[in-house]
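Here, each number is a calculation from the coordinates, and none is a lab measurement. Remember, it's a predicted structure, so these values are computed and weren't measured experimentally. Every residue, glycine as well, gets a Cβ built from its backbone with ideal geometry; the counts of neighbours run over all protein chains shown.
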Amino acid sequence: MNLYAESTGHFVDRAVGKVTDLETGDKVADAVASAVEFVALIGVFAIPILFLLGSARRRRIAAAVGGGAALLGVLWYRSIGDWDQRQNTVLDKWQIPVGDWVEQITVWVDLNMKETLAVIKWPFQTMLEVVVDDWLLGLSWMTVCLAALIAGWAFRGLQVGIGSFLGLTICGLLGEEYWKETARTIGFIAVAVILCVIIGIPTGVACGRMDGVWRVVRPLLDAMQVVHSFVYMLPFVFFFGVGFVSATMVTMVFALPPLIRLTNLGIRQVPEDVVEAARAYGASERRVLTDVQLPLARAALMTGINQTLLLAISMLGIAAIMGAGGLGRLLYRSIANQDIALAGSGGLAFFIVAVVLDRLTQPDDSDKAGLFSRITAAWKNTRTPEALLPADTEKVSASSESDQATEEAQYEPVRNKERLAMLGASAGAVIAAIGLFLPWNSETGHVSAYGRFADNDLAGQSFNGLAASGGSWFGIIILLCVLAVGGALYSTAWFAGQRNRWLGPDGATIFSVAGVVTALSATLANAPDSASGFQRSSGVYVALVGCLIMAAASVTWVWNAPMGARRPLSSGVNWGRMFGTSFALLLIVMAGYSGWTFDTRADSVIGPELQIELDAITEQSKIAEEAGDLAKVGSLAAEFTALISYAQRTGDVIYDGYTDEGAGLGWLALFLGLLALLVAIPASGFFSQEELFLYKWCSVVCGLGLGLLLISVAWIASISRVAETNLVSGVGAVFLLFAGVTTAASARGTLSEFDRKQVYT
């Protein structure tokens, strides 16, 4: 029965009903309505069909048919009552059951193609099991970090390798749960990118060499990039279920197009004359591809892999929705539960993983410094090693002693004033190292005792600067600074100007100043209240004296070293340096007023009186349970819980940097921040624009920044050592860390432009 005739009383229904009965009127009205709607649909479909046919006569016919159908439809619908309510009911009558068709296809495929689906699923599942379960989760945390170091060094350079190592190390130090999810995330992305490379590069090469393939593939790539991932994730979930396998497939579909497009672009951008020259010399098509096109398209290929990697990382949220694990699941859970702590740690791990993977695959000129690239180049040029030399490098004759001497005198040699300063820095380093092996304190650990009551059992024992298990990490950091200064001394004494530019007078100044700051922190930190017999021993003072001598000698060294800028420095006052140190000072003030330490563990705040009350309640509860008085047992349990809850609420230990109850290192940090701001004035060019003048003062600024950073690192490391007591480093230490990074970064730009002055012949 037509809805229009039935519900509105159409004029056809009323006219026929007057002649016949009501039922006949309804049937006639229904037939007329269907005919009109059929004609309207024909007109709608006829217009595009006739237009596609092309001739002018057919276009006029199309316009006439379409216009007539539209007019007829408008008149028909306008004759219906309740126009606003009934105009869309035709949509239900003429609906296309696409959903039912898809459901039928899905059910049929699921029932009749189980073996085919298992074959498709097998490589994804196998690779995920091998890479994630067997390798990443089967290896220790430090092993994976070392593997990242080696991979970064091999493919990108030592700096990228060290950065990758430190980044993954931080992910591990966030906790075991975060490390496992980090490993799952890395494995998931690695599998997706590997599969994209296996499919994308051959497809891109085929598109670049054959126009017909490109015309077929291009619309598919457009569809893959236009359609939202929520749309094409549904069939993968229906066919393969939720989990890592379906998430990997969806990620691959989402991340594949850039690799194919850029590979195609790289192949097509190879100069045609180069390709034709290779063919003219008799090279086969395989040799043209492998020896000419792919090497010249390497930049485009690496860019495509990098973009594919970034798109795969962006799919981690979708993967979490599809039931996959990893850091995306942690972030998804943190949003659902509004867990700020989980979001903060998970977000940091997510950021670090993204940066590390991006740097490992990012194409730039630093690829030439990769160990793998150097080994490959050396292997290819075993018979012509001179080809590895830079174009502007003079060949040294083995038989010419004068040429050899000229080559050795390329950099300024070490002179007497510089040699005396280096001797003083060596003496200070030795004294500081001796102080580290002497007793630093007695009773309990210096910093750890703020929450580690188990250290009270260590009364009467002495701890040196290297005994982090019973003391703090300040001594270990001082040792690292001493070793860095020793490396600078050795590098300059034997290979003046020929090693890393930071292994020179500027590096020695930076690390020696940082060592003084760290030693001052260990000397001035307040004694913990839990260590009643705490006292400092001679070791910490000896280490401080050694660091002071080392810093004074290093500053003298940098003032007499023959350093020069590799390019002219920009003139004018460096306001960015002043802004950076001012902002760092603001962060230091915020750090001083923020919490440096907090402890919410119940047993850490249970004193003797509270423990006696809890023991009494426990004994009463046992007696009541034996007597069968369940009501009293419940009452005593509630009282016990209330006491514990009260202890937790009132036992939070919050120490800021200006509180005498805590370490009190905020005052030292504030003084160092003000000193860095004062030193930044000459380092910014207010007094002189002379290059060496700026270089000398920037070394001191960078050293103070590194010292502020190391105070925070030593504090956080010391607190992390006793994490089993739930003693946690507060946000104040994090603010101080950012302040140190900002201060050091404000001077690093100028220092990086200097190297040992060369003698050009």
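Details
- Table column - 3J(HN,Hα) (Hz), the range 572-578, Karplus curve with 6.51, -1.76, 1.60, x for Gly and Pro: x, 6, 7, 6, x, 5, 5
- Nitroxide proxy distance, nm - points 7 Å out along Cα→Cβ at Ile681 and Glu625: 7.2 nm
- Site pair Ala638 and Ser752 shows an inter-label distance of 6.5 nm when each label is modelled 7 Å from Cα along Cα→Cβ.
- Ranked packing of 222-235, 189-202, most packed first, by mean Cβ within 10 Å: 189-202, 222-235
- Note on Trp494 and Leu166: the extension gain reaches 115.1 nm, defined as 0.36 nm multiplied by sequence separation minus the Cα-Cα distance.
- Taking a ≥ b ≥ c as the square roots of the Cα gyration tensor eigenvalues, the range 128-380 comes out oblate, since a/c reaches at least 1.5 and a/b does not exceed b/c.
- Mean sequence separation of contacting Cα pairs (under 8 Å, at least six apart), scaled by the length of the range 103-201, corresponds to a relative contact order of 26 percent.
- With 0.36 nm allotted per residue and the present C-alpha distance subtracted, the Ala565-Asn112 stretch has 155.7 nm of extension available.
- Model label zone, Val355; criterion: amide N under 14 Å from point 7 Å along Cα-to-beta-carbon; scope the range 154-177: 160-172
- Packing rank of 299-307, 633-641, where each peptide gets the mean count of other beta carbons within 10 Å, highest leading: 299-307, 633-641
- Spin-label zone in the range 681-712 - amide nitrogen under 15 Å from a point set 7 Å from the Cα of Ala745 along the C-beta vector: 702, 705-706, 709
- Under the simplified labelling scheme, the Leu420-Phe238 pair shows an inter-label distance of 8.6 nm, with each label point 7 Å from Cα along Cα→Cβ.
- Potential lengthening of the chain between Arg286 and Val734 amounts to 155.6 nm, from the contour at 0.36 nm per residue minus the alpha-carbon distance.
- Note on Val119/Thr143: beta-carbon distance plugged into 1/(1 + (r/R0)^6) with R0 of 41 Å gives a FRET efficiency of 0.75.
- Residues Ser538 and Val573, FRET efficiency given R0 of 45 Å [Cβ-Cβ distance, rounded to 0.05]: 0.45
- Amide H to amide H, with H built 1.01 Å from N, Tyr655 comes under 5 Å of Trp596, Thr597, counting only residues 5 or more places away or on other chains.
- Rounded if a/c under 1.5, otherwise prolate or oblate - the range 283-366, Cα gyration tensor axes: prolate
- Gyration tensor verdict on the range 247-288 (Cα atoms; rounded if a/c is under 1.5, prolate if a/b is larger than b/c, oblate otherwise): oblate
- Proxy reagent accessibility, fewest Cβ within 10 Å first, across Thr361, Thr523: Thr523, Thr361
- Karplus-derived HN-Hα couplings along the range 734-748 (A = 6.51, B = -1.76, C = 1.60, θ = phi - 60°), whole Hz, x at Gly and Pro: 5, 4, 5, 4, 5, 5, x, 4, 5, 5, 5, 5, 5, 9, 5
- Among 677-684, 743-750, the order from most to least packed when residues are scored by Cβ within 10 Å on average: 743-750, 677-684
- For the range 191-201, 3J(HN,Hα) computed residue by residue from phi via the Karplus equation (6.51, -1.76, 1.60; θ = phi - 60°) reads 5, 4, 5, 4, 5, 4, 5, 4, 8, x, 5 Hz, glycine and proline entered as x.
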